[in-house]
Every structure is written in structure tokens, then in C-alpha cells.
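Peer 1: Got a structure for you, written out below as C-alpha cells; questions coming shortly.
The values are calculated or read from the model by the stated rules, or taken from the named source; none is laboratory data. Just so you know, these numbers come straight off a predicted model, no measurement behind them. Here the Cβ positions follow ideal geometry from the backbone for every residue, glycine too, while neighbour counts run over all protein chains shown. For accessibility, only protein heavy atoms count, side chains too; no ligands or nucleic acids. Shrake-Rupley method; radii C 1.70, N 1.55, O 1.52, S 1.80 Å.
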Amino acid sequence: MNPAALLATVTGRREPALALLIVLLLVLIGLRAPFFITLDSFEGVLTDTSILMMLAVAEMLVILTRGIDLSLAANVALTGMAMALLSQAYPDLPVIAYVVGAMLFGAGLGAFNGFFVAVVGLPPIVVTLGTLSMFRGLVFVLSGGAWVNKHEMSVTYQTFPMNRFLGLPHLLWIAIIVIPLMWVFMRHTKAGRSLYAIGGNPQAARYVGVPVAARLFMAYALAGLIAGLSGYLWTARFAIAYTEIAIGLELVVIAACVIGGVSIAGGVGTIPGAVLGALFLGIIANALPVMGWSPFWKQAISGAIILVAVVVNSRSERRKGKIIVRRAEEHPR
Amino acid sequence: MSTNASEGRAAVRDRAAESPWSLLRRWEAILLVFLGIVFVINSNATPYFLNIYNLADSTFNFSEKAIIALPMALVIIARDIDISVASIIALSSMLMGLAAEAGLGVPGLVVVGLATGATAGAFNGFLIAGLGLPAIVVTIGTFTLFRGIAFVALGDGAVTQYPAGLAYFGQGYIGGLIPFEFVLFLVLAVIFGVVLHMTVIGRRIYAIGNNPVAARFTGIRVDRYRFVLFCLTGLMSGLAAVLLTSRIGSTRPNIALGWELEIITMVVLGGVSILGGIGTILGVVIAVLLVGMVTFGFGLLNVPGIIMTVFIGSLLIVTISIPVVIQAVRVRAAARASSRR
């Protein structure tokens with residue numbers, strides 16, 4: 001294969017192109033601040049971005065089905081608060097109780113969304129807009145408006161995410177386990193594949209026998225499960241739980257998906273793409289202070305990148321499909 | 001079967017007269033009932049609620065959001081969405097602040113606020129209608145970008161030096177009783193209502209929302225309409241920025257944070273279908289008042305605002321479920337009746 005063809009293959013597909021871009025970004029940062037390109041620094045960035053990467057994967061499940069979940073960040077806050085209060089009330093619980101508890105609690109919140117979307121048949125954006133307010137408010141109700149501080153959480157609760165196993169923090173290990181697991185699920189199981197089918201064409205999916213309602217429900221519950229797990233990890237890592245935790249993160253997560261090539265029209269997107277999208281935002285957030293730039297630049301740069309990603313996405317999506325199909329797809333909502 | 005003598009095979013019959021029952025099932029009626037309940041509960045709970053001065057002043061809390069809800073309703077009816085409105089407020093207010101520091105007078109500041117809003121809206125409109133990108137993703141991008149620019153310009157600082165004359169827009173009263181902001185909202189609501197419900201422009205917006213492709217085939221310049229709607233939403237966000245800046249007299253980059261979802265909630269609560277093609281300005285106005293009165297009542301009762309969000313969130317899901325559930329029950333009942341036969 002000649003170099004030009006190789007380049008075309010690499011840049012023609014989203015994930016290698018994005019990976020290449022990330023490497024380029026790292027080189028640029030490295031020229032200015034060489035210590036950013038060390039294993040220690042990489043570990044820090046990856047650990048810092050673990051939660052965003054997992055949430056991007058969760059959001060992708062839902063976006064694939066032509067839906068959207070605006071309540072994920074509120075789920076993080078609510079589940080995080082619930083687990084923090086649990087730790088305050090029963091300090092002797094083992095870590096596994098919090099991890100499993102958070103996954104169940106989060107999945108319950110996701111299932112609530114799933115019920116209204118899949119069973120009642122309401123538009124996902126409206127349902128999750130509603131639950132975004134509800135969950136966020138319930139954090140306040142649950143805690144009575146109080147913060148759960150470091151000294152009120154049990155030691156096992158707060159030290160787990162940053163304790164090391166084989167040299168890496170548990171938080172990073174969890175991402176390393178969850179992400180490939182989800183990749184296998186989405187690529188090699190019937191249930192995972194069916195989410196692509198539903199997003200590609202819901203009617204056709206129903207005709208070929210996909211239980212659409214059940215799978216939709218599953219997508220929201222699973223997204224909630226991952227968000228719940230992230231909620232425990234968040235409150236434990238930062239050793240604090242309060243109402244405004246992860247506020248505004250719902251849109252950052254969606255942005256990560258968009259950068260990662262997940263189509264908001266449904267049916268298109270991969271786990272590596274979503275993860276790389278999150279990583280891209282994470283690297284920028286971590287690199288700004290290293291580069292000596294004001295952190296206030298972070299948001300403006302992210303915004304510009306999102307817009308560029310949207311334009312690039314539309315270019316790559318436009319190529320496939322006949323004209324008539326394309327026209328229909330241009331108005332997905 | 002009743003047929004008029006004049007009715008040919010191709011004739012389209014008039015819609016049957018609506019029974020009082022179906023009127024009750026209309027969205028606005030449901031909302032009005034809710035509004036009535038809120039009034040009764042609030043006035044029983046606290047003697048300060050039914051006070052004309054308090055009621056008038058309570059409108060300060062929602063007038064700016066309400067003003068954006070109007071163009072947002074049109075955008076959603078036309079099957080788009082704009083997530084960036086609150087960030088446009090931040091951008092407009094930031095530029096107003098810089099202009100004020102440079103010594104610009106009141107009329108100049110108003111122009112800066114409105115022009116910034118309209119320009120930001122045109123930028124959205126260009127990306128969405130011009131380049132054909134999905135509205136939700138574009139406006140999530142500009143949501144981040146616009147506020148990001150405000151952060152770059154202001155950092156953790158604030159602008160608080162505004163000329164005294166600016167205060168009227170957000171703090172002034174008309175007739176000594178009704179806030180200027182609220183009157184402005186009512187006037188705009190009438191204009192938006194007339195345009196949407198009584199002009200060909202409005203009919204075309206519905207047509208676009210119901211089926212953009214068919215609308216294009218009937219000769220409607222769909223993309224031009226969508227572009228203008230985003231400009232309009234930007235302009236109204238600029239107006240809201242002028243009012244808000246005038247009311248609180250300071251600008252920080254986190255101004256109006258999180259408003260976009262509150263505004264969309266109001267619009268959807270008002271009966272505008274997120275799928276496009278359905279909705280009325282009257283519904284949006286009632287929903288705005290409903291949310292405003294609930295907030296006001298809870299505030300008088302010293303209920304924290306955050307608890308209100310639980311209530312609004314539940315209200316949103318419940319109200320939108322009602323018609324769907326009623327429909328499902330009727331379909332099931334009809335199926336049972338036909339299977340018995």
C-alpha cells in the first residue's frame with residue numbers, strides 16, 4: 001500500500017483520524033511542555049477523563065437509537081449523593097456494596113427514563129429534560145441541601161478510586177474494564193447490534209423481529225447504570241457530594257460523542273469513537289494549564305472543536321446513501 | 001352517512017364542531033386548570049400571594065425567560081431547537097459590559113446587546129440552514145462557544161459599571177405597578193401570536209414543522225425560514241440580555257446559566273410538540289405564567305428553588321403523558337369493543 005492510500009484509509013475512517021489528531025495534539029503540546037508527554041502525565045489525564053469516557057459510552061447507547069439522554073449528569077449527582085449518604089450512615093460497608101449499589105440505583109433512574117420513552121412512547125429529549133430537573137432537585141431533597149464532606153464519608157468509600165492496583169488507580173481500571181466490555185457488547189451481541197438497527201431504521205428493525213421497546217428500555221437503563229457507577233466514583237474521588245455536582249456535564253458528554261463521530265440522527269457511532277472524543281476534550285482541559293493558558297479558554301476551544309466536528313461529521317455522512325434516502329436523513333427529528 | 005347535495009367525491013368535509021369535551025382535552029385547558037389549582041393552593045397557603053403588588057413584582061423572575069420562550073416556540077414548531085440561547089445572553093451581556101466600560105451611552109448599549117444577539121443567531125442559522133447541519137448539535141457547539149468567549153473576555157471578573165439610565169429596562173414600571181419587562185413580554189406575545197396564528201408566515205412555519213420536504217415542494221423557502229427563525233431567537237436572546245443586565249446591573253460569564261433547559265421546558269409544557277408542527281403561543285404564555293406562579297408561591301413559602309425544579313420536571317412528564325395515555329386507553333377500549341363483537 002502506498003503512503004497516500006494509507007493516509008486515505010486512516011483519515012477516511014473516524015477513529016484512526018481522531019487518534020491521529022490526538023497524537024498530533026500531544027506532539028504540539030509536547031513541543032511546548034515536554035513533561036506533558038510522560039507516562040505519569042498520561043496516567044493523570046486518563047484517570048481524570050475516565051468518568052467522561054464512560055459517560056460518553058453511556059450517552060452513545062442512547063444517541064444510537066435516535067434518542068438523547070440529558071439526565072446523565074443529574075443521575076451522576078443523585079446516585080453520588082445517595083451513595084455518599086449511605087457511606088455516612090453505614091461506614092462499615094465494603095466498597096463492593098457502594099459499587100453495586102450505585103449501579104443498581106443508577107440503572108433504576110435510567111429505567112425510569114426508559115419506561116417513559118419505550119413504554120409510554122414520549123420523545124426522549126422531553127422525558128430526560130424532565131428527569132434532569134427531577135433528579136437534580138432530588139439530590140437536594142435527599143441531602144436536605146447539606147454537603148457530604150470528606151470527613152463524613154467512610155475511609156474505604158473515598159480512597160477506593162485512587163488506590164492503586166498493579167500501579168494504576170482503580171478509577172482507571174474501572175474504565176479499562178467497562179469500555180472494552182461495552183465494546184464487545186455493542187459489536188458482538190444481538191442486543192448491542194439491535195441498537196444500531198433501531199437507530200438506522202426503527203420500522204425495519206421491528207419487521208426483522210427486534211423487540212424495539214425492550215431494547216430501548218435496555219439502552220436507557222444501561223446508560224443509567226454507567227452513570228450511577230460514575231456517580232459513586234465522582235463523589236468518592238473528589239470526596240465531596242453536593243447538589244451541583246457535574247452540573248452542565250450532560251452537554252459536554254453529548255459533545256464528546258459528536259466529536260467521536262456518533263451521529264445525532266442515530267444508527268452511526270462506535271465505542272472507540274465516543275471514547276476518543278471524550279479523551280480529546282480531556283486532553284485539552286488538562287493541557288491548557290500546562291501550556292500556560294488561562295483555563296477560561298477551555299470552553300471556547302471546546303465549542304469551536306464541537307462545531308468543526310459537526311461539519312466533518314456531516315461531510316462523512318453525506319457520502320453514503322442514495323439521494324432519496326439522504327433527503328429523509330437530513331431531517332431526522 | 002350524511003352527505004350534502006353539493007358534496008362531490010373529492011370534496012373535503014368541514015371538521016366536525018368541537019364538543020365541550022374535546023375543548024377540555026385541549027392542552028391550554030389542562031394548563032389553565034393547573035394554573036387555577038396553583039392559584040388556589042398558593043392563596044390558601046400564604047396571605048401574601050394575592051397581593052397585586054407582589055404578583056406584579058413576581059413577574060421579574062420569569063419575564064426574560066418568557067421573552068425567549070416565544071421565538072423558541074416557533075423554532076421548535078419548525079422542528080428545530082436552540083440550546084444556545086442562554087449563552088447568547090452571556091455573550092451579549094459581556095459585549096454590553098465592555099461597551100459600557102468604553103463609555104458607550106444607554107442607546108448604544110441596547111444596540112450592542114440586540115446586535116450581538118442577532119449576529120449570534122445568524123451564525124447558528126447559517127450553520128443549520130445554510131450548511132444543513134443538525135440544529136441540536138450545532139447549538140450545543142455554540143452553547144459552549146458563546147459562553148466560552150464570555151469566559152475568555154471576563155475570566156473570573158465582572159462588569160458592574162453601567163450607566164444609571166440603563167436601569168429602567170429591567171427595573172422600571174409602567175403606571176407605577178406593572179414591570180416594563182412584563183408589559184414588553186405581553187406585547188411581544190401578542191405579536192408572535194398574531195404572526196403564528198393569523199398570517200401566512202405562521203402557516204408556513206407549521207407546514208415546515210409537519211413536513212419540511214413537502215413544505216419545500218409547495219414552494220416554501222424552508223431554509224430561509226429556518227435561518228430567520230434562528231436570527232429571531234438570537235435577537236430575542238439579545239433583548240433578554242439587555243433586560244437582565246439592566247435588572248441585575250452586572251455581568252459575569254456565568255450569567256443566565258442553565259436557562260436554555262428551563263426555557264425549553266416552558267415551551268414544551270406549553271404544548272409545543274418537540275417533534276414539530278404543533279403548538280400555540282397561548283399555551284406557551286399560560287405555561288410561562290404557571291411556572292412563574294409556582295416559583296413565586298414556593299418562594300413565599302420559603303421552599304428552596306431547587307425543589308421547584310423537581311415539581312416542574314414532574315409536571316412536564318405528567319402533562320405530556322396525559323394525552324398519550326388517554327389515547328392508548330381509548331385505542332385499547334376500542335380494540336376490546338371490536339373483539340367482543
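Peer 1: In what sequence, highest mean first, do B:78-84, A:39-45, A:304-310 appear when ranked by Cβ atoms within 10 angstrom?
Peer 2: Working: B:78-84: 26.4, A:39-45: 13.9, A:304-310: 20.3.
Highest-to-lowest ranking by the protection proxy: B:78-84, A:304-310, A:39-45.
Peer 1: Rounding to the nearest 20 debye, state how big the charge dipole of segment B:49-320 is about its Cα centre with +1 on each Lys and Arg Cβ and -1 on each Asp and Glu Cβ.
Peer 2: Its charge dipole is roughly 680 debye.
Peer 1: Now a separate question. Separation of segment B:67-123 and segment B:137-160 by C-alpha centroid, Å?
Peer 2: After rounding, the separation between the Cα centres reads 12 Å.
Peer 1: A further question on this structure: Peptides B:44-54, A:75-85, A:210-220, A:274-284: what's the order by average Cβ count within 10 Å, highest mean first?
Peer 2: Working: B:44-54: 12.8, A:75-85: 29.1, A:210-220: 20.7, A:274-284: 24.4.
Peptide ranking by packing, descending: A:75-85, A:274-284, A:210-220, B:44-54.
Peer 1: Now, a different point. With the other protein chains left in place, how much accessible area per residue, in square angstrom, belongs to chain A at a 1.4 angstrom probe?
Peer 2: Working: 14340 Å² over 333 residues.
That works out to 43 Å² for each residue.
Peer 1: Please report Rg (one decimal) and Dmax (integer) in Å for the Cα set of segment A:143-239.
Peer 2: Reported Rg and Dmax, both Å: 18.5, 56.
Peer 1: Right, here's the next one. Relative contact order (percent) for chain B, with alpha-carbon contacts under 8 angstrom and 6 or more residues of separation?
Peer 2: 30 percent
Peer 1: Also, quick follow-up: I'd like to know which of A:GLY209, A:VAL62, A:ILE264 lies farthest towards the positive end of the charge dipole of chain A, counting +1 on Cβ of Lys and Arg and -1 on Cβ of Asp and Glu.
Peer 2: A:GLY209
Peer 1: While we're on this one: For chains A and B, what's the summed buried accessible area, probe 1.4 Å, to the nearest 100 square angstrom? Don't jump to the answer; show the numbers that get you there.
Peer 2: Numbers: alone 16350 and 17230 Å², together 29660 Å².
By this definition, chains A and B bury close to 3900 Å².
Peer 1: Roll a 1.4 angstrom probe over the protein heavy atoms and tell me the percent of accessible area of chain B that is carbon or sulfur. Show your work: numbers first, answer last.
Peer 2: Values: 10030 of 15320 Å².
That share works out to 65 percent.
Peer 1: Evaluate the relative contact order of chain A (contact order divided by residue number), counting alpha-carbon pairs under 8 angstrom at least 6 apart; express in whole percent.
Peer 2: Relative contact order comes out at 31 percent.
Peer 1: Rg and Dmax of segment B:190-341 over Cα atoms: what are they, in angstrom?
Peer 2: So, for segment B:190-341, Rg and Dmax equal 19.8, 70 Å respectively.
Peer 1: Could you tell me whether segment A:150-203 comes out rounded, prolate or oblate from its Cα gyration tensor? Rule is a ≥ b ≥ c as square roots of the eigenvalues, rounded for a/c under 1.5, then prolate if a/b exceeds b/c, otherwise oblate. Numbers along the way, then the final one.
Peer 2: Details: a/c = 5.61, a/b = 2.52, b/c = 2.23.
Note, shape of segment A:150-203 comes out prolate.
Peer 1: What size of dipole, in debye to the nearest 20, comes out for the protein assembly as shown about its Cα centre when the only charges are +1 on Lys and Arg C-beta atoms and -1 on Asp and Glu C-beta atoms?
Peer 2: On the way: 43 positive and 27 negative charges, 540 e Å.
So the magnitude is around 2600 debye.
Peer 1: Still on this structure, please answer the following. Pick from A:PRO289, A:PRO124, A:PRO272 the residue whose mean-square fluctuation is largest in a GNM of chain A, springs joining Cα atoms under 10 Å.
Peer 2: A:PRO289
Peer 1: Shifting gears a bit: Report the convex hull volume per residue for chain A, counting only C-alpha atoms, in Å³.
Peer 2: Values: hull volume 51.8 nm³, N = 333.
Cα-based convex hull of chain A, divided per residue, equals 155 Å³.
Peer 1: Using only the Cα atoms of segment B:49-320, build the gyration tensor, take square roots of its eigenvalues as a ≥ b ≥ c, and label the shape rounded, prolate or oblate: rounded if a/c is under 1.5, else prolate if a/b is larger than b/c, else oblate.
Peer 2: Numbers: a/c = 1.65, a/b = 1.19, b/c = 1.39.
Judged from the Cα gyration tensor, segment B:49-320 comes out oblate (a/c at least 1.5, b/c at or above a/b).
Peer 1: What does the structure give for B:129-141 when I average, per residue, the other chain Cβ atoms found within 10 Å of the residue Cβ?
Peer 2: Numbers: counts 0, 0, 3, 4, 7, 11, 2, 7, 14, 7, 1, 11, 14.
If you average over the peptide's residues, the count of other-chain Cβ atoms is 6.
Peer 1: Looking at chain B, which longest stretch skips every one of the GluC sites (Glu not before Pro) that is in a DSSP loop with at most 11 other Cβ atoms within 10 Å, leaving the sites themselves out? Can you show the working numbers first?
Peer 2: Numbers: sites that count: B:GLU7, B:GLU18.
Looking at chain B, B:19-341 is the longest stretch - no exposed GluC sites (Glu not before Pro) with at most 11 other Cβ atoms within 10 Å.
Peer 1: From the backbone phi of segment B:103-118, what are the Karplus-calculated ³J(HN,Hα) couplings (6.51 cos²θ - 1.76 cosθ + 1.60, θ = phi - 60°) in whole Hz, Gly and Pro given as x?
Peer 2: x, 6, x, 4, x, x, 5, 4, 4, 4, x, 5, 5, 4, x, 5
Peer 1: Starting from the Cα gyration tensor of the protein assembly as shown, take the square roots of the eigenvalues, sort them a ≥ b ≥ c, and report rounded, prolate or oblate (rounded when a/c is under 1.5, otherwise prolate if a/b is larger than b/c, else oblate).
Peer 2: On the way: a/c = 1.36, a/b = 1.19, b/c = 1.14.
Rounded, since a/c falls under 1.5.
Peer 1: When you look at the Cβ of every residue in B:150-157, what mean number of other chain Cβ atoms sits within 10 Å?
Peer 2: Numbers: counts 3, 7, 8, 2, 1, 4, 3, 1.
Mean shielding by partner chains, rounded to a whole number: 4.
Peer 1: Can I ask one more? Among A:PHE36, B:LEU166, B:GLY141, which residue has its Cα furthest toward the positive end of the charge dipole of the protein assembly as shown, with +1 on Lys/Arg Cβ and -1 on Asp/Glu Cβ?
Peer 2: Farthest towards the positive pole: B:GLY141.
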